[in-house]
Amino acid sequence: MSTPDAALTATPADVPAPPRRRRRWRRVAALMGLGGLWGMIHSTGYLSALGGTPDGERLARMANTARFVDGQFVNLDPAITAGSMASPEGTRHVLWRWLFGKEERRPEQALPVLTRTTESFATPAAEGLEVTWLGHSTLIVEVDGHRFLTDPVFSDRASPSSLVGPSRFHAPPIAIADLPALDAVVISHDHYDHLDEHSIRALNDRGERFLVPLGVGAHLVAWGVPEDRIREFDWWDELELRGGLRVVAAPAQHFSGRGLFDKNATLWTSWAFIGPTHRAYFSGDTGLFPQMSEIGERLGPFDLTMLEVGAFDVAWSDIHMGPEGALEAHRRLRGRTLLPVHWGTFQLALHAWTQPAEVLLAEAGREVEVAFPRPGESVTVGGPVPAEPWWRLAAREAEAQVRALLNPIRRQG
């Protein structure tokens, strides 16, 4: 005889199975959902942007360097971490500032960009060393008759997705198709704001060759670059070009990775361009570390140092040196003129977008010659150095335009 609670104690076998048609539609809906998710991911370019994985001879060469330990590259000081971000308290502090900080992290006005053409590079640098800042860490470096392009990012976003991620403050001053003839494209590491798939594919179509840190060639191969146009460098490796110009991969203090499972799978470097007459240094991304003095002794003194000053914070000061660290690095490198890079193009940190330049301007004083080119403007060593705080002028012009629009309304009121 059944009890009043019999229905509550029924076993799964006693519960009628849903109709077969209902189960079929659930499967179809699940498959459609997965297909839609895959299509969305594929349409944004995320999977392709991840690049490739080192294997074969490339992986074997990586394994032969002292910098590759237990499947990952390490800094000269293995104890280096991501600063206070390594603790939960540091992570919560950064998240709070990210959500509620009141810094102006993007410019509210259009930035003054100097548009360049192929013809504007027709005449070689009069003094033999000229650098054109295209924004962030993308530069055209002309030294003693040779021309290089560093860390080319011409896309709208520094991101694996075309829909989300840091977007540009300004358009590139020149299109890839209009770039002058190059001796090589030089890459410092594989982060998205330094290694951009679409830019690499376009440069590959031009037939450019690439100088990259160990392992980074796997990304380029995945994007169609032939192996014979890629040369990989360990720290202190060098290449000598015609006329006696040397390109040297020097140490840096940073990290690498493009996805969730490739942390430090490729190397990061700084670069020195050493010609018969001039010497220039490009930091890539790095914290301030003791071996910068060794770089200065072995490869300097440098007529021009191109040093990262943006995306800095106390939470990751060991991997991004910021403006004050850049000044100290400039001294250790025995530099003459400092050109700040890695700022003014993407929002990658918590500080105001102008803070790197303002701090550098205040701290440098008269002791260090600092160049502040507008995007697209060139710095010629031995010639006039652009030092105008153009970011302030741009803000004043924007304010003047707003006042001009409001004045007629106020007069009518």
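Odds and ends about this structure:
- Scope region 246-274; condition farther than 21 Å from Asp313 by Cβ, open to solvent by 10 Å² or more (accessible area, probe 1.4 Å) and in contact (Cβ under 8 Å) with a residue 12 or more places away in the chain; matching residues: Arg246, Arg258, Gly259, Asp262, Ala265
- The condition of being open to solvent by 20 Å² or more (accessible area, probe 1.4 Å), of a type in the set (D, E, K, R), assigned to a strand (DSSP E or B) and out of contact with any Gly (no Cβ under 8 Å at 6 or more places or on another chain) holds for only one of Arg336, Arg331, that being Arg336.
- A count restricted to region 296-328 and to residues that are outside any loop (DSSP other than H, G, I, E, B), in contact (Cβ under 8 Å) with a residue 60 or more places away in the chain and among the acidic types (Asp, Glu) stands at 2.
- Just one of the listed residues (Val225, Val221, Val185) is β-branched (Val, Ile, Thr), over 27 Å from Gly296 (Cα atoms) and crowded, with 20+ Cβ neighbours inside 10 Å, and it is Val225.
- With respect to the conditions (1) in contact (Cβ under 8 Å) with a residue 40 or more places away in the chain; (2) of a type in the set (D, E, K, R); (3) assigned to a loop (DSSP other than H, G, I, E, B), Glu367 lacks only one, and its number is (1).
The values are calculated or read from the model by the stated rules, or taken from the named source; none is laboratory data. Predicted model only: the values in this text are computed from it and were never measured. Here Cβ is always computed from backbone atoms with ideal geometry, including for glycine, and neighbour counts include all displayed protein chains. Calculation scope for accessible area: heavy atoms of the full protein, side chains included, ligands and nucleic acids excluded. Shrake-Rupley method; radii C 1.70, N 1.55, O 1.52, S 1.80 Å.
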